[in-house]
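FYI, it's all coordinate maths here, none of it is from the lab. Keep in mind it's a predicted model, so treat the numbers as computed, not measured. Cβ placement follows ideal geometry from the backbone for every residue including glycine, while neighbour counts extend to all protein chains displayed.
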Ligand code: PB1
């Protein structure tokens, strides 16, 4: 039956009717909160390009994580700003490394909070690339060996999940084998399976002090033009033992989120990256859009595309809005 017997507006007539027939829902449980941990005591250094985002010392990071957990957010994703950097990023696997110290403190204070540790070297190397250099090229297999060391170190320090964001070939299988050999078979792997060489990472590189000293990351992060290749990347990470999968960035790559959702039943995470978050704030700061409505609509779109979980710097804002009954 067509119009006038069929009138789709009948089910949009009131807020309660709209709520009844809503197809996609967002909850604080769907959110993962990224945090940056730096040396010091009592430090909460704001990141200018990302309002509400800070470099926290371990003590202040635990406070921020507790507030997020109290808001109903189940997990944090940790990025470290180390005291020292070198050519291999060796501080990344130090037993007393900055993220290792943060993990131990979180597990003491908030044992139920899921602690996810990023596994990569761009914050730890003095050249800012995501691994060991041979000339101006990141050496894949040597970097993979170090990634396995870093993952074991982070799991030993308390990480429930390790998240390799480096985009080296073969790293998921190497990390899985290393964790199992170290007696850490319960540590899960959230693979940044389809991660693109995106222009949306700028503000993160300010926050993590991780911009490459030369060149770019196109020889290891994926070409934004390649949707089919993304599925090949995901196939490999699934075969190597990934427990959860990630697509990153999120909003500009919803086609990839949808394609991965259709192909695998694994928990699927989308990362609303720093540039996506900063853009919303910048436009809202100019009075051009409504920050809360655009943040919530973008998160809802990422969920509608098929993501189970969303990493977002807006997690605290979204959780509070949801707690206050935000529906549209
Ligand atoms: O929010 C963001 O922009 C995330 C950036 C991301 C963190 N995993 C990386 C992107 C980059 O700087 O190339 C860091 C790579 N290990």
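So the values come out like this:
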{"quantity": "Inter-centroid distance (Cα atoms) of region 185-224 relative to region 48-71, Å", "calculated": "22"}
{"quantity": "Extension gain, residue 83 back to residue 199 (0.36 nm per residue minus Cα-Cα distance, nm)", "calculated": "39.0 nm"}
{"quantity": "Theoretical FRET efficiency, 1/(1+(r/R0)^6), r = Cβ-Cβ of residue 209 and residue 18, R0 56 Å, to 0.05", "calculated": "0.80"}
{"quantity": "Modelled FRET efficiency - R0 35 Å, residue 59 with residue 180, Cβ distances, 0.05 increments", "calculated": "0.55"}
{"quantity": "Computed [θ] at 222 nm, helices only, for the chain once each DSSP H run of length n ≥ 4 contributes -39500 (n - 2.57)", "calculated": "-11500 deg cm²/dmol"}
{"quantity": "Net length gained if the chain between residue 107 and residue 136 were fully extended (0.36 nm per residue, minus Cα distance)", "calculated": "6.6 nm"}
{"quantity": "Order by protection proxy (mean Cβ within 10 Å, highest first), peptides 107-114, 91-98", "calculated": "91-98, 107-114"}
{"quantity": "Helix 291-304 vs. the chain, principal-axis angle (Cα, 0 to 90°, nearest 10)", "calculated": "80"}
{"quantity": "Residue 25 versus residue 11: modelled label distance in nm, points set 7 Å from Cα along the beta carbon direction", "calculated": "1.6"}
{"quantity": "Cα gyration tensor, region 24-323 - rounded (a/c under 1.5), prolate or oblate", "calculated": "rounded"}
{"quantity": "Rounded to 5, the percent of DSSP beta bridges in region 24-93 classed as antiparallel", "calculated": "25"}
{"quantity": "Tilt relative to the chain, helix 171-181 - C-alpha long axis, 0 to 90 degrees, to 10", "calculated": "70"}
{"quantity": "Sorted by Cβ neighbour density within 10 Å, fewest at the top, the residues 312, 14", "calculated": "14, 312"}
{"quantity": "Burial order of peptide ranges 265-277, 314-326 (average beta-carbon count within 10 Å, highest first)", "calculated": "265-277, 314-326"}
{"quantity": "Principal-axis tilt of helix 227-240 within the chain, Cα atoms, nearest 10 degrees", "calculated": "60"}
{"quantity": "Burial order of peptide ranges 181-194, 214-227 (average beta-carbon count within 10 Å, highest first)", "calculated": "181-194, 214-227"}
